[in-house]
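Single-structure report; data block below.
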Amino acid sequence: MSLDKYLEPYKKWGTKYSLWPVHLVTSCCGVEMAHTWNPTYDAERLGALPWHSPRQTNLVLVEGTITFKMARVLRYVWEQMSDPKYVIAMGSCAAEGGIFWNSYHAVPVNKVIPIDAYAIGCPPTPEAVIQMIRIVQRKIETGEAKANVKPRTIDLTKVFTPAPTKQPAPNPPHRIAQNPHIPVCQEKKVEWPFGYELINNQLMPTLKESARKIIVMDINRICIDTEAGKLRDAASSLSKLGFDHVKSVNVIDAPHENKFYIEYWVSSYSRKELMPTLVVLTTEIPRDNPRVPSLIDIWPSADYQEREMYDFFGVWFDGNPWMGRNFLIDQDTPIKFPLRKDVPMVREFYIVDREFPGLPTAPPQPKPAAAPQKPVQQTPQPKPAGTTPPQTGQAREKPAESKQETGGSTG
């Protein structure tokens, strides 16, 4: 009987209580992971101690959403870990995308690396994470990931009788209206004397012809509707009044109207009386030619948000130097302008299906050599003493060609 058979139980026992998890934090599940190892729960007593370097760890905790960008990082970390290695997916996002299920950017973890245990929840509790550690330890010991509890099946029809509904819910869900109305810049009557005074005494005289409509939407909320060609004039007038920064840039997609609504939400840091007030400057642009002037020279804080709106909707902000380049979205994302309502979802297409650093690829194979030509027999000439025959140009080029064909460098 081999010595390995005697040592196998001791190897399993040592691995079982020597789990060194590296935690890949992408979202809120990282808080629960920290809670699991705090003094209240003290998961270290179970033989698991978090470590910071993947090359000295054998367990990875995937804590939260994995996007196309992070899938590359996750696979790279997993490949650096020591064997045997194990994976726990924490939270609904790591399992199947969670609230981002079927989104343009979310990747289920099992499409990138193999999963040994799932801690379900949003986020999972520390007790659930400890239970997953125990499942991994049980898999190390017995070779099977099996829970120590089995939920009971209860027939709810014996407990209560559901009341009949007047109208069953649609399956699958569908839109209530074919062409739903999108409320933009809607007036509301409220008790806000300062807002009406601001509109009558400052906004209307200053904006003059650059605004089609100025109304109160709510307390501390004012809407200014303008044409796309007069957007910069309206923004410049607001800046002169003390509205000195942009808080948000939004795009509202209305495909049934073939238009985009562009919104700049602005406020003031320099005038104390204007600080509570939010003014939305809105305009409409055609959906088939979505171009609008950039306002970054008037409000520099609009820069990043204009880039985001180009990434998500394809709206081109004339004057912003970042147009045409990705800002937030990975270049490899299979969907362009993913928040447009007419963009179809692409399923089962993940980073693991593409080439990326860490994924082993076969080296290029050399091309087959040409058949050797029959040498022409010549009368041998006597060689001078102490000399070597000169190499021909063809013979000197062959080594370089061989290196190029096999992927080597010629430096």
Query - Tabulated pairs, segment 260-276, first in the same structural domain as ARG287 (by TED's automatic domain parsing), second part of a strand (DSSP E or B) and among the charged types (D, E, K, R), C-beta under 8 angstrom, 6+ apart or interchain - result: PHE260/ASP253; PHE260/GLU284; TYR261/GLU284; ILE262/GLU284; TRP265/LYS247; VAL266/LYS247; SER267/LYS247
Query raised in the report: Quick check: is even one residue across segment 36-49 touching a Phe, Trp or Tyr at 6+ places or on another chain (Cβ under 6 Å) and modelled with pLDDT of 80 or more?
Result: no
Requested in this report: Would you mention how many residues in segment 193-231 are hydrophobic (A, V, I, L, M, F, W, C) and part of a strand (DSSP E or B)?
Outcome: 7
Query raised in the report: Taking PRO168, is it modelled with pLDDT of 85 or more, of a type outside the set (S, T, N, Q) and loosely packed, with under 10 Cβ neighbours inside 10 Å?
Result: no
Query raised in the report: Quick one: is ASP244 under 13 Å from VAL315 (Cβ atoms), of a type in the set (D, E, K, R) and touching a residue at least 12 places away in the same chain (Cβ under 8 Å)?
Result: no
Report summary line: In segment 16-29, residues that are assigned to a helix (DSSP H, G or I) and modelled with pLDDT of 75 or more total 1
Report summary line: Heads up, the strands (runs of 3 or more DSSP E) in segment 31-132 (entirely inside) with at least 1 residues that are in contact (Cβ under 8 Å) with a residue 24 or more places away in the chain, in the same structural domain as GLY14 (by TED's automatic domain parsing) and within 13 Å of LEU19 (Cα to Cα) are 59-63, 86-90
Report summary line: Only one of (1) within 16 Å of ASP116 (Cα to Cα); (2) at pLDDT 80 or above does not apply to TYR76, and that is (1)
Query raised in the report: Assuming ILE135 fulfils every condition listed in (1) in contact (Cβ under 8 Å) with a residue 12 or more places away in the chain; (2) of a type in the set (A, V, I, L, M, F, W, C); (3) in contact with a Ser or Thr (Cβ under 9 Å, 6 or more places away or on another chain) apart from one, which condition is it?
Result: (3)
Query raised in the report: With respect to ASP318, is the statement that it is touching a helix residue (DSSP H, G or I) at 6+ places or on another chain (Cβ under 6 Å), among the acidic types (Asp, Glu) and either surrounded by fewer than 19 Cβ atoms within 10 Å (Cβ to Cβ) or within 30 Å of ILE66 (Cβ to Cβ) (or both) true?
Result: no
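The values are calculated or read from the model by the stated rules, or taken from the named source; none is laboratory data. Just so we're clear, the structure is a prediction, and the values are computed from it rather than from any experiment. In this analysis, Cβ positions are derived from the backbone assuming ideal geometry, glycine residues included, and neighbour counts consider all displayed protein chains.
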